[in-house]
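Student: Pasting a structure here, questions to come.
The values are calculated or read from the model by the stated rules, or taken from the named source; none is laboratory data. Just so it is clear, the model here is predicted, and its values are computed rather than measured. Glycine also receives a Cβ, built like all others from the backbone with ideal geometry; neighbour counts cover every protein chain displayed.
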Ligand SMILES: *Cc1c(COP(=O)(O)O)cnc(C)c1O
């Protein structure tokens, strides 16, 4: 698989280079030169396959020239070692639970796969890989747990002091081994600025092999296609022939992977990109004008993105066919009040606790069904995180019903390991060089 930059389609890099560069220098995003097709027999028999079997077939269709089959199988089996069940709520409404990994969010798919792909390429090249990541909460946990004990890697996580939730902090700080966490006396933006400055620092780059575990890395996108195929497999087993996916969207990586799956041959009738009031994409699809805005804080904070970075990938997948894009993707935005009401509705109707991001995807499904009363397709909304990660949002009667998974209850007994730094770059640089 060769990859080009969305800003320059004549310049190609190998998959390995795309993974370690993360971003092309021209600030585009890497995209595969060719989107390969799954075979018809794969789709015909998909209902009999496990998530891991599906993941392997999809991954090898993309990466067979990059990673030998046996190694790819090992990577998949280590990375995707948890389930993604499509839970039935009523006749044709399903919630695809993507939160059964170690950090309790769908980002585990991307982070675990990417970390093992990097580990695989590092076997032939022994210089320690230093992964730097700034987090406002969720990404750091997925990356930390994804890289934990991956040989030849060391992860440094920066997070803003006092600004991540209790569970998130435990996920960041209780790992030890090759993971270290730094509490920065500042905001998320300060954390991100320190990481950016490190990547631009000549001395650091001469002495260390730095990489970012950024969410736009192509190795995070690929594994997110797996669960779209697997969702389809589960629904096909129950007699459905096509599917409508509603995806809670922030940076549009998750839905971007769904559209890549569609372009690889997955039968999807409609994608709905559900956003909070950070509505750059829904506005664009309505007006044709793309205008990024500063992000606004909401209950669904992992989707507080004013300039969704993966949108260019989606545009790129459709190229000149803008009309096709507009017919397969619709998009709607919802307020915090609507999100809160949705959480209550899902609980009252189905005795199910949805996190705020998930509740927004449910609302978009409700609107779709109101507009298409004769719809017979399966409607699936993606649940991107476990509700226990957002304890402050729920009314008391619902909060009491949230079951705490073992991944979290185990953390409470572990010691927090954390270093403290201010926001000056020299302090951070010294830390990287000397600790
Ligand atoms: C990251 C995240 C999202 C947004 O996903 P994108 O791929 O950025 O669109 C939604 N929900 C949760 C819980 C997340 O952590």
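Student: Please indicate, with yes or no, whether at least one residue in segment 173-180 is closer than 30 Å to residue 53 by Cβ, touching a strand residue (DSSP E or B) at 6+ places or on another chain (Cβ under 6 Å), away from the ligand (no atom under 16 Å from the Cβ) and in a helix (DSSP H, G or I).
Tutor: No, every residue in segment 173-180 fails to be closer than 30 Å to residue 53 by Cβ, touching a strand residue (DSSP E or B) at 6+ places or on another chain (Cβ under 6 Å), away from the ligand (no atom under 16 Å from the Cβ) and in a helix (DSSP H, G or I).
Student: On to the next question. For segment 271-322, what are the residues that are assigned to a loop (DSSP other than H, G, I, E, B), away from the ligand (no atom under 16 Å from the Cβ) and surrounded by 14 or more Cβ atoms within 10 Å (Cβ to Cβ)?
Tutor: Result: 290, single match.
Student: Filter segment 48-70 down to residues that are farther than 13 Å from residue 222 by Cβ, more than 22 Å from the chain's Cα centre (by Cα) and surrounded by 15 or more Cβ atoms within 10 Å (Cβ to Cβ), then give me how many there are.
Tutor: 1
Student: Of all strands (runs of 3 or more DSSP E) completely enclosed by segment 55-158, which ones contain at least 3 residues that are within 14 Å of the ligand (Cβ to nearest atom)?
Tutor: Correct list: 93-97.
Here is a yes/no grid of residues against (1) in contact (Cβ under 8 Å) with a residue 12 or more places away in the chain; (2) within 16 Å of the ligand (Cβ to nearest atom); (3) touching a strand residue (DSSP E or B) at 6+ places or on another chain (Cβ under 7 Å); (4) in a loop (DSSP other than H, G, I, E, B):
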{"site": "186", "(1), (2), (3), (4)": "yes, no, yes, yes"}
{"site": "192", "(1), (2), (3), (4)": "yes, yes, yes, no"}
{"site": "197", "(1), (2), (3), (4)": "yes, no, no, no"}
{"site": "219", "(1), (2), (3), (4)": "yes, yes, no, no"}
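Student: Continuing with this model, one more query. Would you mind stating whether residue 314 is in contact with a strand residue (DSSP E or B) (Cβ under 7 Å, 6 or more places away or on another chain) and modelled with pLDDT of 95 or more?
Tutor: So residue 314 fails the test.
Student: Could you tell me how many of the residues in segment 282-297 are at pLDDT 95 or above and in contact with a helix residue (DSSP H, G or I) (Cβ under 6 Å, 6 or more places away or on another chain)?
Tutor: 0
Student: Looking at segment 228-238, is at least one residue surrounded by 17 or more Cβ atoms within 10 Å (Cβ to Cβ), within 16 Å of the ligand (Cβ to nearest atom) and either within 16 Å of residue 110 (Cα to Cα) or more than 22 Å from the chain's Cα centre (by Cα) (or both)?
Tutor: Yes, segment 228-238 has at least one match.
Student: State the number of residues belonging to segment 240-257 that are modelled with pLDDT of 95 or more, more than 10 Å from the ligand (Cβ to nearest atom) and outside any strand (DSSP E or B).
Tutor: So the answer is 1.
Student: Regarding residue 394, is this residue within 16 Å of the ligand (Cβ to nearest atom) and over 23 Å from the mean Cα position of the chain (by Cα)?
Tutor: yes
Student: If you go through segment 163-184, how many residues are closer than 13 Å to residue 149 by Cα and surrounded by 22 or more Cβ atoms within 10 Å (Cβ to Cβ)?
Tutor: Of the residues in segment 163-184, 2 are closer than 13 Å to residue 149 by Cα and surrounded by 22 or more Cβ atoms within 10 Å (Cβ to Cβ).
Student: Mind checking which helices (runs of 4 or more DSSP H) fall wholly inside segment 323-435 and carry at least 3 residues that are buried (at least 16 other Cβ atoms within 10 Å of the Cβ)?
Tutor: Qualifying helices (runs of 4 or more DSSP H): 336-350, 356-371, 425-434.
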